């Protein structure tokens, strides 16, 4: 986990492309079941992540997905996609197109930059406990 508020938390997906996941702290099964205030925070954070990925990585496209078939819990995947990544233009769950060999800027610096932006955007929000239930 890289960031958490009272309503959501964010973690990395182990992948060759920059890929973050954002979860609500409470395990809502569907988007329509979450309260408006939580959805507002979730989408505010999701859009901030998208903007930061675009500015830092300069991808060909940002993919945002929410399936929940294996994990029936409200969450989103936010991925920076590149024409030379292993699956492009397929989804990251799709058929591999080639061997990937992306040369990306430093992930640790992006994470630090993103956390700073999230802290600034959610500075008045109370923090949640350190260990969310998944």
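The values are calculated or read from the model by the stated rules, or taken from the named source; none is laboratory data. The structure displayed is predicted, hence computed values, not measured ones. Here Cβ is always computed from backbone atoms with ideal geometry, including for glycine, and neighbour counts include all displayed protein chains.
Summed over segment 88-104, the residues that are in contact (Cβ under 8 Å) with a residue 60 or more places away in the chain and over 17 Å from the mean Cα position of the chain (by Cα) give a count of 3.
The set of residues in segment 55-67 being part of a strand (DSSP E or B) and closer than 23 Å to residue 6 by Cα consists of 64, 65.
What tally of residues in segment 7-54 results from selecting those that are in a loop (DSSP other than H, G, I, E, B), loosely packed, with under 14 Cβ neighbours inside 10 Å and in contact (Cβ under 8 Å) with a residue 24 or more places away in the chain? Going through segment 7-54 one residue at a time, the tally reaches 3.
Criterion first (assigned to a loop (DSSP other than H, G, I, E, B) and touching a strand residue (DSSP E or B) at 6+ places or on another chain (Cβ under 9 Å)) does residue 92 satisfy it? Explain how you work it out, then say what you get.
Values: assigned to a loop (DSSP other than H, G, I, E, B): yes; touching a strand residue (DSSP E or B) at 6+ places or on another chain (Cβ under 9 Å): yes.
For residue 92, the condition - assigned to a loop (DSSP other than H, G, I, E, B) and touching a strand residue (DSSP E or B) at 6+ places or on another chain (Cβ under 9 Å) - is met.
Is it the case, given these coordinates, that residue 38 is within 14 Å of the chain's Cα centre (by Cα) and modelled with pLDDT of 95 or more? No; evaluated as a whole, the condition is false for this residue. Residues of segment 33-48 that are closer than 19 Å to residue 2 by Cα and out of contact with any helix residue (DSSP H, G or I) (no Cβ under 7 Å at 6 or more places or on another chain): 38, 41, 42, 43, 46, 47. Applying the criterion of being farther than 17 Å from residue 11 by Cα and at pLDDT 95 or above to the residues of segment 63-83, the residue that is farthest from the chain's Cα centre (by Cα) is 83.
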